[in-house]
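To keep things clear, I will list the structure first and then write my remarks on it.
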Amino acid sequence: MIDVELHDWIEKSLNESATEEESLALEERLLGDAKARDHYLNAVNLHASLRRRFSAEAEMAFVTPFPTLARRKLGIGLAIAASLALLVGVSSILLKPSSPTAVITHVVGAYGDTGLAYSAGELVEPGHLVVSRGLMRLDFSSGARVTIEGPAQLEVINEKRVVLHRGVVTATIPESAIGFVVDTADAHVVDLGTSFGVSISEEGFTDVCVFDGEVEVSSQETNRADAAPRLLREGQAIRAGVDSNSIDSVAYETVRFENAWPVNSGVLQTTGSMRFVSPGPDFHPGNYADNEHIVVFPERSGFIPDEAIRVDMVDPGQYAKSRYQEKPTLLPEQRLTSYLLQLNAYPAGKNPNQRRSVRGQITFSSPIVGVIMANRLLKESEAVFGIPDVDYPGARMIEARPEGDQRPGFDTVILAADRRTLIIELQENPGHIDQFRVLVEAE
Amino acid sequence: MAAPTPDPSRHEEFVSLYVRHEPAVFSFVLAMVQNTADAEDVVQRASMTMWRCFDQFQPGTNFRNWAFQVAKNTALNHLTKMSRDRHVFSEKLINLLAEQAEARAGYLDSRRRALDSCLEKLPAADHEMVAGCYAEGATIRSFAEQAGETANKIYKRLNRVRSQLQTCIEHQLGLEEEAAR
């Protein structure tokens with residue numbers, strides 16, 4: 001007999017509003033009454049079915065690479081399959097829910113070996129991780145940040161050790177994760193507080209490049225006489241495995257890391273004539289000649305300024321000139337990371353006065369909180385966010401189009417509605433330097 | 001690796017079996033843990049274990065029963081942990097529920113299938129409320145706020161609509177049985 005009381009307990013249980021007493025009473029009843037259990041299972045079954053049916057929208061996010069039609073047709077089954085494949089792909093043995101070994105924090109077109117997209121927020125447990133293409137960043141519980149560029153195969157051993165079987169990784173290791181290890185077939189790379197890149201070349205050699213700080217590299221063949229670890233400092237590179245486990249010094253060459261490195265540094269994507277500065281100690285503003293691109297330099301990161309910072313733009317829209325007094329200010333309450341964007345056009349070729357426009361787009365991994373364009377504001381903010389010992393130029397000029405002006409030749413900077421993307425078109429002005437600063441929320 | 005990883009070529013087989021039975025597993029887990037967020041979590045962990053141990057599953061045997069077994073163990077682990085903070089169902093009750101859920105799995109499947117046409121028959125306002133309360137991340141409270149109603153009123157309406165859906169499902173199944181005769 002299904003009475004009002006039982007019905008009430010079950011409803012409360014489903015609504016997650018049962019008190020301790022009601023929960024006990026429900027249990028008591030279910031223990032002694034098979035009919036009541038039947039009724040309970042039916043009620044829960046309806047509840048679960050409704051949940052599955054109407055929560056489907058969010059699950060769909062997993063299937064974004066599929067066209068809309070296919071998505072509709074295949075529906076929730078595929079969505080679950082996709083999310084499951086993800087799960088299966090990125091997890092294996094340890095099922096401790098307390099602290100995952102790592103989390104996928106950023107994904108730029110990264111797909112697994114089953115052709116399904118990875119998704120930010122997925123947990124990574126020890127096991128094999130295949131990235132068939134694209135880029136994704138793993139943040140380990142130790143604090144290490146590792147960006148993988150596909151095609152790659154990475155084996156996660158624990159929060160302080162990975163084995164790279166194929167592909168390219170760049171790593172940023174904070175103090176908390178000193179001792180982080182990247183192993184390859186030929187090299188054992190131990191971090192000593194730094195950022196560096198490791199890649200496996202097509203021929204199977206291991207390349208290690210230190211962007212900042214120090215790492216220790218040793219051969220996997222430990223019984224060799226010269227197996228003592230080698231200390232590698234910023235701006236140095238080695239290649240291992242060329243000749244039976246030898247480790248050779250090679251020229252510092254960062255091309256292979258130029259896709260993965262920006263993701264480590266909070267820049268998800270650059271398109272058009274925009275490029276992130278090469279990783280390494282010598283690449284800073286004033287020391288980087290590039291006539292073709294808008295170059296992005298990371299400045300200070302995770303930094304709370306001491307004073308309010310005046311900026312030119314805080315909201316989505318197009319940059320327009322404004323008076324100093326009218327400029328918005330950012331209060332010194334938030335941890336910020338700063339980037340300097342630069343177009344340095346110097347006279348080149350037959351026609352040094354030729355003016356071109358350079359366009360590009362950049363997407364940061366965290367929201368942009370302010371953009372600084374005006375020379376005076378750049379100077380003010382340099383004192384806070386500038387890299388010490390770097391010579392910033394005296395005068396810089398981003399020239400916004402005055403309202404109603406139809407003439408060509410102005411600079412355009414648009415902060416997109418996602419607050420992470422800037423769309424930029426700058427006019428080359430030979431002999432002059434265009435620079436502006438972007439402040440984003442620190443990760 | 002401490003345990004062998006299943007043959008990757010069986011991945012598709014696993015996914016197809018899992019997707020077919022996932023709704024039943026979710027429903028079963030929810031009955032044991034009584035909380036949607038916890039149930040999602042348990043199902044997710046159970047699915048990992050199922051894949052990891054898929055080599056132990058004999059093709060041709062009942063995948064659902066095997067999946068229920070894994071889900072039950074995962075849920076019991078979870079409940080042991082939760083029992084420090086709140087009252088949870090005892091292992092004795094879990095075993096009774098598991099036994100019954102397994103025996104009635106086919107019937108519960110058909111109830112799930114009947115739900116679709118019953119939802120279609122709901123008045124638009126009720127349908128909207130059900131969709132709103134069961135949307136990802138939504139709660140009765142959040143929906144009530146959004147709809148400008150009191151949570152209590154929505155509770156009552158939702159309970160009434162669920163009863164109507166149950167009646168409709170039973171009616172539907174009765175009709176199907178009659179049609180089958």
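FYI, it's all coordinate maths here, none of it is from the lab. Values in this document were obtained by computation on a predicted structure and should not be read as measured data. Cβ coordinates were reconstructed from backbone atoms using ideal geometry, including for glycine residues, and neighbour counts include every protein chain displayed.
Quick rundown of the values:
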quantity	calculated
Cross-link pairs A:LYS35/B:LYS121; A:LYS35/B:LYS92; A:LYS327/A:LYS379; A:LYS35/B:LYS81 - those with Cα-Cα distance over 25 Å	A:LYS35/B:LYS121; A:LYS35/B:LYS81
Order of B:ARG10, A:ARG239, A:ARG137, A:ARG29 under a 10 Å beta carbon neighbour criterion, fewest first	B:ARG10, A:ARG29, A:ARG239, A:ARG137
Computed magnitude of the charge dipole of the stretch B:1-115 (debye, nearest 20; Cβ of K, R +1, Cβ of D, E -1)	300
³J(HN,Hα) computed for each position of the stretch A:235-240 - Karplus, 6.51 cos²θ - 1.76 cosθ + 1.60, integer Hz, glycine/proline x	x, 10, 9, 9, 10, 10
Computed [θ] at 222 nm, deg cm²/dmol, chain A (DSSP H ≥ 4; -39,500 (n - 2.57); rounded to nearest 500)	-6000 deg cm²/dmol
Dipole magnitude of the protein assembly as shown, debye to nearest 20 (Cβ charges: Lys/Arg +1, Asp/Glu -1, about Cα centre)	1260
The stretch B:34-181 shape via C-alpha gyration tensor axes, a/c threshold 1.5	oblate
Overall form of the stretch B:63-121 per C-alpha gyration tensor (a/c, 1.5; a/b vs b/c)	prolate
Principal-axis tilt of helix B:11-33 within chain B, Cα atoms, nearest 10 degrees	60
Net lengthening on full extension, A:GLU214/A:LYS321 (0.36 nm per residue, minus Cα-Cα)	34.1 nm
Approximate spin-label separation A:ALA417-A:GLU5, in nm, with each point projected 7 Å along Cα-to-Cβ	5.6
Cys with no candidate disulfide partner in chain B (beta-carbon separation under 4.7 Å rule)	B:CYS53, B:CYS133
Label-point separation in nm, A:GLU28 to B:SER163, each point 7 Å along Cα→Cβ	2.4
Under the Karplus curve 6.51 cos²θ - 1.76 cosθ + 1.60, θ = phi - 60°, whole-Hz ³J(HN,Hα) for the stretch A:145-162, x wherever Gly or Pro sits	10, 10, 9, 10, 10, x, x, 8, 10, 10, 10, 8, 8, 7, 6, 10, 8, 9
Diffusion constant of chain A at 37 °C, which comes from Stokes-Einstein with the Kirkwood Cα-pair radius and 0.692 mPa s, µm²/s	130
With Cα atoms, 0 to 90° folded angle of helix B:151-180 axis to chain B main axis	70
Three-way shape label, the stretch A:329-443, alpha-carbon gyration tensor, a/c 1.5	prolate
Sequence-separation-based contact order of chain B, relative, with Cα cut under 8 Å and 6+ spacing, percent	19
Listed residues B:VAL161, B:GLY174, B:TYR107: farthest to the positive end of the dipole of chain B (Cβ charges)	B:VAL161
Euclidean distance of C-alpha centroids, the stretch A:288-307 and the stretch A:188-214, integer Å	24
Cβ-derived FRET efficiency at R0 30 Å, A:TYR392 paired with A:VAL255, nearest 0.05	0.65
Degrees between helix A:20-32 axis and first principal axis of chain A (Cα, 0 to 90, nearest 10)	50
Listed residues A:ILE433, A:GLY394, A:THR412: farthest to the positive end of the dipole of the stretch A:288-440 (Cβ charges)	A:THR412
